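The values are calculated or read from the model by the stated rules, or taken from the named source; none is laboratory data. Just so you know, these numbers come straight off a predicted model, no measurement behind them. Methodologically, a virtual Cβ is constructed for each residue, glycine included, from the backbone with ideal geometry; neighbour enumeration extends over all protein chains shown.
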Amino acid sequence: MNCYEVTGCPEERRASCLVFRNFHNKPDDMGNISCWVLKRGDPDWTDADGEKCRRCPYCQAVNHHGVTVSYGQSGTVVIECGGALNLLRTQVLGEVADRLKRDGKCRVALDLSAVTNIYSCAMSMMVRLHLQCEEMGGLFVMAGATGYVKVAINTVLIDKIVKCAETMDEALALMGGDVDNRP
């Protein structure tokens, strides 16, 4: 799937597009490209461009797995992610972390069972969430990492800093609570 196929971008707009200019000679490399990441390299990039990208049907199609947050009566919070934990989803996780801190929520489990790829920015966010929960006297647990995601986490030794569990049930047991409205 190419971005211009999803958005119906006309030929004249493609000529001024940073992504199309860089990849039009290599059409095989254009499929499922993270154009919103590449565009950040443009010196004229603004926050308004970022908002425009997040509303783009191509960006939404490629990032169809989002981030969901569930709150329990016991104060436990479960964050579920799917697909690639890329720059866009890490920004969403940052917004969730800010909201949790503001609300005083410090018992948090991150469900990685549906994550297929993980970027370094997401791993930094996991450390941030861990430190934030620890600072407030709580606990942050990552659960369900498999395959490449588990290898990446183990390789950069985040599992030595952040508590990890094989399953969400195990993570919730570590926190001594359950989440009432898990999706």
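Taking region 128-150 as the range and being of a type in the set (Val, Ile, Thr) and modelled with pLDDT of 95 or more as the test, only 141 passes. Among residues of region 136-161 that are closer than 22 Å to residue 100 by Cβ, none has a beta-carbon under 7 Å from a residue that is of a type in the set (Phe, Trp, Tyr) and surrounded by fewer than 19 Cβ atoms within 10 Å (Cβ to Cβ) at least six positions away or on a different chain. Residue 115 fulfils the conditions (1) over 30 Å from residue 4 (Cβ atoms); (2) surrounded by 22 or more Cβ atoms within 10 Å (Cβ to Cβ) except for a single criterion, (1).
Residue 61: modelled with pLDDT under 80, hydrophobic (A, V, I, L, M, F, W, C) and surrounded by fewer than 13 Cβ atoms within 10 Å (Cβ to Cβ), yes or no? Spelling it out, it is not the case that residue 61 is modelled with pLDDT under 80, hydrophobic (A, V, I, L, M, F, W, C) and surrounded by fewer than 13 Cβ atoms within 10 Å (Cβ to Cβ). Just to be sure before I move on: is residue 92 of a type outside the set (Asp, Glu), modelled with pLDDT of 75 or more and touching a helix residue (DSSP H, G or I) at 6+ places or on another chain (Cβ under 9 Å) in the structure I sent? Here the answer is no, as residue 92 does not meet what is asked. Residue check: residue 108 meets all listed conditions (1) of a type in the set (A, V, I, L, M); (2) surrounded by fewer than 20 Cβ atoms within 10 Å (Cβ to Cβ); (3) closer than 17 Å to residue 175 by Cβ but one, namely (2).
Tally the residues that are over 15 Å from the mean Cα position of the chain (by Cα) and at pLDDT below 75, restricting the search to region 64-89. Counting residues in region 64-89 that are over 15 Å from the mean Cα position of the chain (by Cα) and at pLDDT below 75 gives 4.
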